[in-house]
Amino acid sequence: MNSQPRITKRLAKDAVNALPLWQFGGKIFLVDTEELARSAVECILSYPLLGFDTETRPSFRRGQHYDPAVVQLATAEEVFIFQLAKCGGLNQLIPLLESETNLKVCVGVQEDVRRLKKFQEFAPGGFIELTHITDTLGIEDRSLRKLCAILLGIRISKREQTSDWGRDRLTGGQLRYAATDAWVSRQIYEVATQMLSSEIKHVPS
């Protein structure tokens, strides 16, 4: 019987920092009008698996909160970044956000969906929490950065996480950061589900 490679349960910060820094280098589409949002969603609806994430302007005052500013959706080769204030809120995105056939995978998806529903009501469908899958593999680390390190062998930067996502023009660094988070979520899902499938196939009958 072929033995399966041992899955790392957790990684120390130093081990993560020793990995090569990586960022998404594929096509990034900034969606900043209602017309672009409509056509982008029509295109994205043809993809059954999507990496998903949101970004919100950080708050540094107690009791002060902001609505989500950006929604990212990644296919295997490209990432669409929606500036909600410029593309009619969630109006054009709702068919995709409610679709059960378009899987949208993310770490911390419940909180992202909660914030989006508070911003504009919809009936979420097809959302998958990545850590439910990685937990099944026995991986104890649950942050996106650690999961990238364990399953993809890369280090991603979180430098832009607390930048101003509500600004009129997003910087190149913000666009690459947002695209990276969404795209690696999709990759983690694919790797984790393949590993889980392999484990199931090797269970003795």
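The values are calculated or read from the model by the stated rules, or taken from the named source; none is laboratory data. Quick caveat: nothing in here was measured; it's all calculated off a predicted structure. Here the Cβ is made from the backbone with ideal geometry for all residues, glycine too, and neighbour counts use every protein chain on show.
Remark: V113 matches the filter, which requires a residue to be modelled with pLDDT of 95 or more and part of a helix (DSSP H, G or I). Scanning the stretch 123-149 for residues that are crowded, with 19+ Cβ neighbours inside 10 Å and polar (S, T, N, Q) turns up T131, T134. Looking across E190, E129, one residue alone is within 16 Å of the chain's Cα centre (by Cα), within 23 Å of A69 (Cβ to Cβ) and modelled with pLDDT of 95 or more. It is E129.
When L30 is tested against (1) of a type in the set (A, V, I, L, M); (2) surrounded by fewer than 22 Cβ atoms within 10 Å (Cβ to Cβ); (3) touching a Pro at 6+ places or on another chain (Cβ under 9 Å), only condition (3) is not met.
Check whether at least one residue in the stretch 31-48 is assigned to a loop (DSSP other than H, G, I, E, B) and without any contact (Cβ under 8 Å) to a residue 12 or more places away in the chain, and report yes or no. Within the stretch 31-48, one or more residues are assigned to a loop (DSSP other than H, G, I, E, B) and without any contact (Cβ under 8 Å) to a residue 12 or more places away in the chain. In the stretch 125-150, the qualifying residues are those that are in a loop (DSSP other than H, G, I, E, B) and touching a residue at least 60 places away in the same chain (Cβ under 8 Å), and the one that is farthest from D14 (Cα to Cα) is L137.
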